[in-house]
Amino acid sequence: MKTYLTMVPLLASAALLASVGISSAAGKYTIGISNTVQGNGWREEMVCAMKAQALASGEVAKLNIAHRNTDAAGQLEDIRNLISAKVDAIVVNPADPAGIKAGLEEATKAGIVVVAVDQAVTEPSAYIISNNQEQYAYLGAKWLFGQMGGKGEVFYMRGAAGASADSDRDKGFKKALAEFPDVKVAQEVFTGWQQDQAKQQMLSFLATGTPFNGVWTSGIDNVIVDALVESQAPLVPVVGADNAGFVGQLSSVKGLVGAAVTNPGSIGGAGVTLALQILDGKKPAQQTVLVNPQLWDNATDEGKAKLKAAADPSLSHEWPVSISIPDWTTYTKEQIVACKGPGSKQAPANLPSVLPLTCLPASSPRIVTGRGTP
């Protein structure tokens, strides 16, 4: 059974209302985190949300963070290292559900709580809290095809091949495509959710001269608009995520028509909350919780108002502006931007919005004192 939540856009000032003081008592839990994508702003926000929520909860003594670019085999190794470290819970963004199933099963047998964030896993003992990826794609694609007048060619820019979030989004995209039989896919590419790669793919596609009437992106968006502007190509409608850079472009780039679909990286913080609830004996009735997306477009007055309210130019262009999830995260904006977990020296509130993440060698669990799916 699944529970569906609706994502509410967070104003920068509203983040302060969710402030929870850092507990003076030492936390009692050690939380392990496994993430397999570095150099991606969405994942950066996800990891920072995990750190911030662990700190704000007052229940976490230490975070063991396995954070590197790797595949399912590498993630399986990381999970087994976390099991050996005897963490109380593991919060994981899975590279491949089937490829890490054995590790998650081993964790559960060892008495470790397992929570998957952003993407589903196949291990039945794991809990899942995720953005509704199929609905994310369906909302954006349906809006885009409508803006195209129900016909024409779309450049389909997917995420990472094999990732369950990409597979779910593909279902949503094709569901919308079935409703618009006169819309065709001009070209389909996998961006790997990498900014540089996606921009080069857009430039290469433009160089072919292939006609197209719209672009659907799997969350790598502001660089696609940059490529269109730099190439002086027609500004066809573009769909992306609620990343700060793209949200800003929808209000500032003349002639651009587009829509941002919410996909908060703060789902990482929600995963920590869920893990702590289970550790405290408050198991949810449902194994899976989905956060439903919203669509903010700049083609309607209502959409423009939502974009204006959500815009936050102080954030990294790659960070989603939805830096918190009501009822699931309790940190302040300063805490998620500082990106400090339990045991870390609290940083000043005026630090830059983009902080480097640290990765230790893959041979042992990584304890980071210092972010998925876009």
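The values are calculated or read from the model by the stated rules, or taken from the named source; none is laboratory data. The model shown is predicted, which means the values in this text are computed figures rather than measured ones. Every residue, glycine as well, gets a Cβ built from its backbone with ideal geometry; the counts of neighbours run over all protein chains shown. The area values use the complete protein model at the heavy-atom level, side chains included, leaving out ligands, DNA and RNA. Shrake-Rupley method; radii C 1.70, N 1.55, O 1.52, S 1.80 Å.
Residues are listed down the side, and each one gets a yes or a no for (1) at positive phi; (2) at pLDDT 95 or above; (3) touching a Lys or Arg at 6+ places or on another chain (Cβ under 9 Å):
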residue	(1), (2), (3)
ILE129	no, yes, no
TYR136	no, yes, yes
GLY150	yes, yes, no
TYR156	no, yes, no
ASP170	no, yes, yes
LYS174	no, yes, no
LYS184	no, yes, yes
PHE190	no, yes, yes
GLN194	no, no, no
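When region 148-188 is examined, which residues are found to be of a type in the set (A, V, I, L, M, F, W, C), farther than 25 Å from LEU256 by Cα and either touching a strand residue (DSSP E or B) at 6+ places or on another chain (Cβ under 7 Å) or open to solvent by less than 60 Å² (accessible area, probe 1.4 Å) (or both)?
Across region 148-188, the qualifying residues are ALA160, ALA161, ALA163, ALA165.
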Item checked: Scope region 113-129; condition open to solvent by less than 10 Å² (accessible area, probe 1.4 Å) and over 13 Å from GLN286 (Cα atoms); matching residues -> VAL114, ALA116, VAL117, ASP118, GLN119
Check: Which pairs do you get when a residue that is more than 18 Å from ALA338 (Cβ to Cβ), found in region 30-54, comes within reach of a residue that is assigned to a loop (DSSP other than H, G, I, E, B) and of a type in the set (Ser, Thr, Tyr), reach meaning Cβ atoms under 7 angstrom, with the pair 6+ apart or on two chains?
Finding: THR36/THR70; TRP42/THR373
Margin query: Condition (residue is at pLDDT 95 or above, of a type in the set (Phe, Trp, Tyr) and surrounded by 23 or more Cβ atoms within 10 Å (Cβ to Cβ)) applied to region 198-205: is it met by at least one residue?
Written below: no
Checklist line | Condition check for PRO356: open to solvent by 50 Å² or more (accessible area, probe 1.4 Å), at pLDDT below 50 and over 18 Å from ARG43 (Cβ atoms) | finding: no
Item checked: Per-region count, region 5-57, residues modelled with pLDDT under 50, in contact with a strand residue (DSSP E or B) (Cβ under 8 Å, 6 or more places away or on another chain) and either in a strand (DSSP E or B) or not hydrophobic (A, V, I, L, M, F, W, C) (or both) -> 2
Margin query: For region 239-295: of the residues being among the β-branched types (Val, Ile, Thr), under 30 Å from ILE112 (Cα atoms) and part of a strand (DSSP E or B), which is farthest from the chain's Cα centre (by Cα)?
Written below: THR288
Notebook entry, point to check: Only one residue in VAL114, VAL225 is within 25 Å of the chain's Cα centre (by Cα) and assigned to a helix (DSSP H, G or I), so which one is that?
Noted result: VAL225
Note to self: Quick test of your reading of the structure: ASN69 fulfils all but one of (1) open to solvent by less than 10 Å² (accessible area, probe 1.4 Å); (2) out of contact with any helix residue (DSSP H, G or I) (no Cβ under 6 Å at 6 or more places or on another chain). Name the failing condition by number.
What the structure shows: (1)
